[in-house]
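The values are calculated or read from the model by the stated rules, or taken from the named source; none is laboratory data. It should be emphasised that the depicted structure is a prediction, and the values quoted were computed from it without experimental measurement. Cβ placement follows ideal geometry from the backbone for every residue including glycine, while neighbour counts extend to all protein chains displayed. Calculation scope for accessible area: heavy atoms of the full protein, side chains included, ligands and nucleic acids excluded. Shrake-Rupley method; radii C 1.70, N 1.55, O 1.52, S 1.80 Å.
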Amino acid sequence: MASSLSNEFTDLKSVLQNEENQKSDSLRKRAFVPKILPDDFLRVFSAEVVQTNQDYTLAKRLQTELNQQIRLPASFEQHNDLIRGRLQIDFIEAKLNKNYGLTRMDPYVRFKLGTRVLETPTSFNGSKNPIWKKRFILNLPTDVDSINIEIYDEKSFTEDEMIAFVKYPFKSNLFDGVFVDEWIPLSGRLGEQKEGYINIHLFFTPIDQIRTSHQIVQNSMPPNPLNINNNQLIQPAIVDLPQGIFFNHK
């Protein structure tokens with residue numbers, strides 16, 4: 001009797017094991033298990049990580065497009081009716097009449113030439129006597145005859161505050177090859193031309209001289225500086241002026 005029960009139990013166990021094996025075989029046939037799993041398999045990414053990866057991809061694509069534009073600049077011949085020549089602008093320093101900061105003032109220059117808007121670095125704690133000594137080299141469009149200059153106080157927790165401004169029309173002698181060194185009066189809350197003065201240098205090179213010149217201009221604006229021949233349009237270039245040079249104050 002005991003032997004018969006044991007045999008029946010063994011047969012039942014074998015039947016169940018066979019059914020389990022058949023199910024496993026069936027599942028293995030239907031399932032696909034790759035030999036090599038990707039590194040991010042079953043990895044859960046946070047929203048911050050996803051956004052960071054997207055930003056990195058976008059920045060990389062934009063940098064590639066910028067590099068392509070730099071490698072393939074347009075020639076002046078293609079824009080003979082649009083470009084008057086090349087303008088060098090040096091923002092040296094300013095003498096302001098009032099400190100608008102609570103404890104300090106960090107001025108920088110924002111200027112507009114045609115449709116371009118550019119800024120100097122900030123003169124941290126420059127207060128009423130900021131010094132920048134920054135040179136910009138830009139193409140001057142034929143329909144532009146002035147430059148709009150604004151001085152801002154850089155803020156940490158609020159919007160930057162404009163403290164002075166001026167619209168400076170180019171003088172005719174600039175286009176005759178004269179180097180212009182001028183202190184320009186500034187306007188603001190104190191009144192017209194009562195905010196102080198800004199010292200700028202200007203030098204203009206006509207398009208005809210650029211086309212025939214053999215000089216090489218260094219464009220230091222992009223991450224990878226590139227030597228650009230004078231027969232080509234340039235991207236805005238920013239150059240540090242020697243800090244050991246002293247200029248006469250008005």
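The figures follow:
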quantity	calculated
Which numbered condition GLN218 misses (of (1) closer than 21 Å to PRO107 by Cβ; (2) at pLDDT below 95; (3) part of a strand (DSSP E or B))	(1)
Subset tally (residues that are open to solvent by less than 30 Å² (accessible area, probe 1.4 Å) and polar (S, T, N, Q)) for the stretch 129-144	1
Lone qualifier among ARG104, ARG86 - being farther than 19 Å from VAL166 by Cα, open to solvent by 10 Å² or more (accessible area, probe 1.4 Å) and touching a helix residue (DSSP H, G or I) at 6+ places or on another chain (Cβ under 7 Å)	ARG86
Pairs where the first residue, in the stretch 165-177, is part of a strand (DSSP E or B) and the second is open to solvent by less than 80 Å² (accessible area, probe 1.4 Å) and among the acidic types (Asp, Glu), C-beta under 8 Å, 6+ apart	PHE165/GLU150
Any pair with Cβ under 8 angstrom, 6 or more apart, that starts in the stretch 141-158 at a residue that is touching a residue at least 12 places away in the same chain (Cβ under 8 Å) and small (Gly, Ala, Ser) and ends at one that is in a strand (DSSP E or B) and open to solvent by 70 Å² or more (accessible area, probe 1.4 Å)	SER146/LYS167; SER146/PRO169
